[in-house]
Amino acid sequence: MCKRIIESTYIFIKELFERVNRRPLVIPAILAFTSSSLSFVSRNSFCLTVFSILIELLIILVLAICSKEYKRTLMYFLVILLCFSSIRFRYINKKISYDFKSYNATVIEVSLLLDGTHKCTVDIDNIGKSIISTEEDVQLGDRVTFIGELCEPNCSRNPGEFDYKNFLEQKGIFICVENPKILSICHSSNVFIITANEISSFIFKIKTYMIDTVGKGYDELTKGLVASICLGDKSLVDNEVVDYFSSANCSHILAVSGSHFSSYLMLLPVITDIFFKEKRGKSAIYIAICFAISILTGWTDSVSRALCMSLCSYFSRDSYSGMALAAIVMIVGNPFCSLSIGFRMSFAACLSIKVFSYEIQKRFKSKCNYKRFLNPFIILISSQIGLMLFWVETNYRIGLIHILVSLLATFIASVACISFFPSILISSFFPLISPVSICCNLLYKLLRKCCLFSNLAICSAGLEQYLVIALLLFGIIKLLPSCAIKKTMMKPISLVLISCILLNIGEVVLGPDAKIIFIDVGQGDSCLVLSKDKCALIDTGTEDYGTSTVLPLLDFYGISKLDYLYISHWDEDHSGSTNVLIESNRVRKIIVSSPNEKVINQDLVELVTNEPSISLSKSITISYIQPNIIFDNANDNSMVLRVSCNDVDILFTGDISIKAETALIESNLLPECEIVKIAHHGSSGSTSDDFLDRVKPEFAVISVGANNRYGHPADTTLERLESFDVSYYSTSQNGAIIVTISGNRFSVSSFREANIRWPLQQVL
């Protein structure tokens, strides 16, 4: 059986290589992508640089042996060299002064948003590119002097959190400016730049007119959605609306992408067939409209990508070669774009449309005469098949509701884009009758309702997702009629499916018994306790971190509902996100030491004294430790918890002071623990010598915000930890702290350190 599968896979790869070899641009496109990615990953490491060069030379050697066309192999080598050197020359690791001072820069890109602000990309003299936002009248080509503090972009500090640093790096930006204030602006006297600014101002007026026209009679929310979905301007969209789209895994709809671009062009062939008979006229109109749409939608990276692919596909007889040419042009123009998930998703969607749409059309050909009407729907479904491969990277949970909502939302967004320009004409004569506004309003109401069911997931993040994706692909290909795709892909997909099943079984059997994640919530506390059966969250951090950090982290680990939520005490930095979690329908039971009227659902609340010990699994227990003393200070009444997994104990101390620690010691309630969460963010009034002597921890975790006004953690506390030979981690320095327990062994790791380094760097 295994031998047959291996042989079939080998034949499939051989046939695939033969097909690819007949298209000379495909391999250079693949090489351009791999070389730009490898060169970027290895930019800071000599070992990785050598390693990436060896990989690329090995690829060239294999291609030379297989193809036996050495002229073409030379072209492959030149492509790799071009992409590799482009990254090297563009990325220069310069020493940056982090002082607050003035800088001179040239504005190289500017976007006037509908809320009146200017979003500018500036080239700072002798430093590099950065992004600043200002309300000043800044134009392309201006020389500006501003004051601010240069810093590195913030990387994600918790699992599932948005990685702003990675986002900027995809644009070739490696520095940020904090609190920029423009001191002077010197407008350029260049005729071409002045003309470009006038055109930009004219385009802004057109966009404003369009939004005001189609949104006449509608609220600001609908206008903001129209501006975002149809024109790519999210400045009018509230954060609450963005959260609705994110919860439904439809964030991509709020940014103009390839699907939006295709929707605009969907009716174009019909229009050109009516008014133009000659091919030249059709081509000219197609090019003009493509560029017009690109200009109106802000000409972002995703729009540029869509434009390039549309033009290449339109004029190329071979769509595969057209896509390959588009990839080469985009990577050479901006080598950093290969790191973008949007780049990969665009090509995956196009390939999926090319592979599957024809086969799906054949299935309906004999049954339906409305082929032209069905084509847009078939293209939509085909693109979603290719995008399945990226669910693991974009969606941390997969459920039936996510799949259906994503398809429906994408369809509504496509209809909105198709009807955008007709809506301008209709709304000019008949206000309130705006198809695009109706679609956007419907989309908002749909996603708002679906958020109530967004936690209904088939599987969690990780290997389970790969299994579900493999099953879906297996089923889709199985349902197709007998065709070349089915014959060539069924066996490799079967192999992937079997591998996913075996890996999932291995994860269940060999996976860790528990994971404890000390979440970085700034100047606050929050910790997630995971077992194979149940989970619990100890404290929530402030309200701001509920939406931005805690909920994405729960999604990352595939947690639809918390079995238990412990609130140590009711300070804002420990309980602020309680209602956020309740409103998201993510909590089954809340355990508190004292009741509080602020909780919006009192039915979930239960006193800890009623259930002092809870088992999350056979090996994990959460126990309540507290002397029968009521202190005057609310911090001293904090819940003290002990999490036990096999022979590993972790102590959570809330915000107790030395007074409460002494009471616990005298009551002989404190056990020896391997790990302790330091009380009150490492203040000098906690973590006494007697406490450390009694608990005898090996590791300590300090949950604290960077540069906080309280001076936490105190130097005296750190000195005490060092004197007792206790290794400590701080969330302000290390990000989330992850404790993994397997049997009687445990390991402590820092999410930030693991996230800064690429996986390949960790190996070398």
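The values are calculated or read from the model by the stated rules, or taken from the named source; none is laboratory data. From a predicted model like this one, the values you see are computed outputs, not experimental measurements. Methodologically, a virtual Cβ is constructed for each residue, glycine included, from the backbone with ideal geometry; neighbour enumeration extends over all protein chains shown.
General observations
- Evaluation of Lys618 against (1) within 30 Å of Ser747 (Cα to Cα); (2) outside any loop (DSSP other than H, G, I, E, B) (one fails), failing number: (2)
- Residue list for region 279-298, restricted to those being without any contact (Cβ under 8 Å) to a residue 40 or more places away in the chain and in contact with a helix residue (DSSP H, G or I) (Cβ under 8 Å, 6 or more places away or on another chain): Gly281, Lys282, Ser283, Ile285, Tyr286, Ile287, Ile289, Cys290, Phe291, Ile293, Ser294
- Meets criteria (among the β-branched types (Val, Ile, Thr), over 22 Å from Asn334 (Cβ atoms) and touching a residue at least 12 places away in the same chain (Cβ under 8 Å)) for Ile132: no
- All of Thr208, Thr213 fail the test of being more than 30 Å from Lys515 (Cα to Cα) and either touching a helix residue (DSSP H, G or I) at 6+ places or on another chain (Cβ under 6 Å) or without any contact (Cβ under 8 Å) to a residue 24 or more places away in the chain (or both), apart from Thr213.
- Candidate set: region 570-598, residues that are in a loop (DSSP other than H, G, I, E, B) and at pLDDT 90 or above; chosen: the one surrounded by the fewest Cβ atoms within 10 Å (Cβ to Cβ): Arg588
- Flag if Ile341 is at pLDDT 70 or above, more than 19 Å from Ser310 (Cβ to Cβ), surrounded by fewer than 16 Cβ atoms within 10 Å (Cβ to Cβ) and not aromatic (Phe, Trp, Tyr): yes
- Subset of region 515-552 (residues that are modelled with pLDDT under 90 and of a type in the set (A, V, I, L, M, F, W, C)): Leu551
- Taking the criterion of being of a type in the set (Ser, Thr, Tyr) and surrounded by 15 or more Cβ atoms within 10 Å (Cβ to Cβ), the residues of region 134-162 that qualify are Thr134, Ser156.
- Meets criteria (modelled with pLDDT under 80, under 26 Å from Ser310 (Cβ atoms), surrounded by 18 or more Cβ atoms within 10 Å (Cβ to Cβ) and not assigned by TED's automatic domain parsing to the domain that holds Cys151) for Val256: yes
- Set Tyr564, Tyr557: member being over 26 Å from the mean Cα position of the chain (by Cα), crowded, with 16+ Cβ neighbours inside 10 Å and closer than 29 Å to Arg448 by Cα: Tyr564
- Considering residues of region 176-189 that are at pLDDT below 85 and within 32 Å of the chain's Cα centre (by Cα) only, the residue farthest from Asp123 (Cα to Cα): Asn179
- Test result for Leu221, assigned to a helix (DSSP H, G or I), in contact with a helix residue (DSSP H, G or I) (Cβ under 6 Å, 6 or more places away or on another chain), under 16 Å from Ala416 (Cα atoms) and not aromatic (Phe, Trp, Tyr): no
- Of all positions in region 327-335, none carries a residue that is farther than 25 Å from Asn166 by Cβ and modelled with pLDDT of 75 or more.
- Among the residues making up region 680-696, those that are under 38 Å from the mean Cα position of the chain (by Cα) and part of a helix (DSSP H, G or I) are His680, His681, Gly682.
- Scanning region 226-249 for residues that are under 24 Å from Glu135 (Cβ atoms) and either buried (at least 17 other Cβ atoms within 10 Å of the Cβ) or among the aromatic types (Phe, Trp, Tyr) (or both) yields a count of 10.
- Each residue in region 554-605 was checked for being β-branched (Val, Ile, Thr) and farther than 23 Å from Ser638 by Cβ, and 1 pass.
- If you go through region 634-679 and keep only what is among the hydrophobic types (A, V, I, L, M, F, W, C), within 15 Å of Val529 (Cβ to Cβ) and in a loop (DSSP other than H, G, I, E, B), you end up with Met639, Cys673.
- Yes/no for Gln626 being modelled with pLDDT under 90 and surrounded by fewer than 17 Cβ atoms within 10 Å (Cβ to Cβ): no
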